[in-house]
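Trainee: Below are the structure tokens for one structure; questions will follow.
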Amino acid sequence: MPFWGLQKQLGIDVDSFLLRQSMPQPHGQAAVCHAFEREWVECGHGLGQTRARRECQLEYEDFMECMKRTKLTQRLRMILEQRDKMIKQGKYTPPEHHMGKEEPRP
């Protein structure tokens, strides 16, 4: 029975997001997270899957953070919550241009 590229035929992308960094990039420039992916692949090269999961956990976490930016968004959310809290307490007043009150333009 021939192998059919079902994902390609249906136009879905389930598991190739991890391979995007290694693919040829437009204009020949390396992808943003290419260095993190390379460290992760080099760490796990020659190890079994179980051992690589244990020993290369830090490299994998760095790669996933670069791809998804979860820690960055969490930190930004905390900063915005702290700002809103300070505004409610009256300890901070944002600049007028942050409040939507711009100076009239000529």
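Trainee: Hey, could you check region 76-103 for residues that are among the basic types (Lys, Arg) and assigned to a helix (DSSP H, G or I) and say which is surrounded by the most Cβ atoms within 10 Å (Cβ to Cβ)? Break it down into steps so the answer makes sense when it comes.
Mentor: Pass one, region 76-103, residues among the basic types (Lys, Arg): 77, 83, 85, 88, 91, 101.
Still in the list and also assigned to a helix (DSSP H, G or I): 77, 83, 85, 88.
On the way: Arg77: 10, Arg83: 13, Lys85: 11, Lys88: 9.
Per the criteria, the residue is Arg83.
Trainee: Which residues, taken from region 62-99, are over 20 Å from the mean Cα position of the chain (by Cα) and polar (S, T, N, Q)? If you could, list the steps in order and put the result at the bottom.
Mentor: Initial filter on region 62-99 (over 20 Å from the mean Cα position of the chain (by Cα)): 81-99.
If the condition is that a residue be over 20 Å from the mean Cα position of the chain (by Cα) and polar (S, T, N, Q), then Gln82, Gln89, Thr93 are the ones that fit.
Trainee: Can you give me the number of residues within region 42-61 that are touching a residue at least 12 places away in the same chain (Cβ under 8 Å), under 18 Å from the mean Cα position of the chain (by Cα) and open to solvent by 70 Å² or more (accessible area, probe 1.4 Å)? Can you show your working first?
Mentor: Taking region 42-61 as the starting set, the residues that turn out to be touching a residue at least 12 places away in the same chain (Cβ under 8 Å) are 43-44, 55-56, 59-60.
After this cut, where a residue has to be under 18 Å from the mean Cα position of the chain (by Cα) as well, the list is 59-60.
Next cut, open to solvent by 70 Å² or more (accessible area, probe 1.4 Å) only: 60.
Matching residues across region 42-61 total 1.
Trainee: Right, something else. Residues in region 31-64 that are among the small types (Gly, Ala, Ser), assigned to a helix (DSSP H, G or I) and modelled with pLDDT under 85: how many? Show your work before the answer.
Mentor: If we filter region 31-64 for residues that are among the small types (Gly, Ala, Ser), which is where we start, we get 31, 35, 44, 46, 48, 52.
The next check asks that each one be assigned to a helix (DSSP H, G or I); those that pass are 35, 44, 52.
Then keep just the ones that are modelled with pLDDT under 85; that gives none.
Result for region 31-64: 0.
The values are calculated or read from the model by the stated rules, or taken from the named source; none is laboratory data. As the structure is a computational prediction, the values presented were derived from the model and not from experiment. So basically every Cβ, Gly included, is an ideal-geometry build from the backbone, and we count neighbours across all protein chains shown. All accessible areas refer to the heavy atoms of the entire protein, side chains included, with ligands and DNA or RNA removed. Shrake-Rupley method; radii C 1.70, N 1.55, O 1.52, S 1.80 Å.
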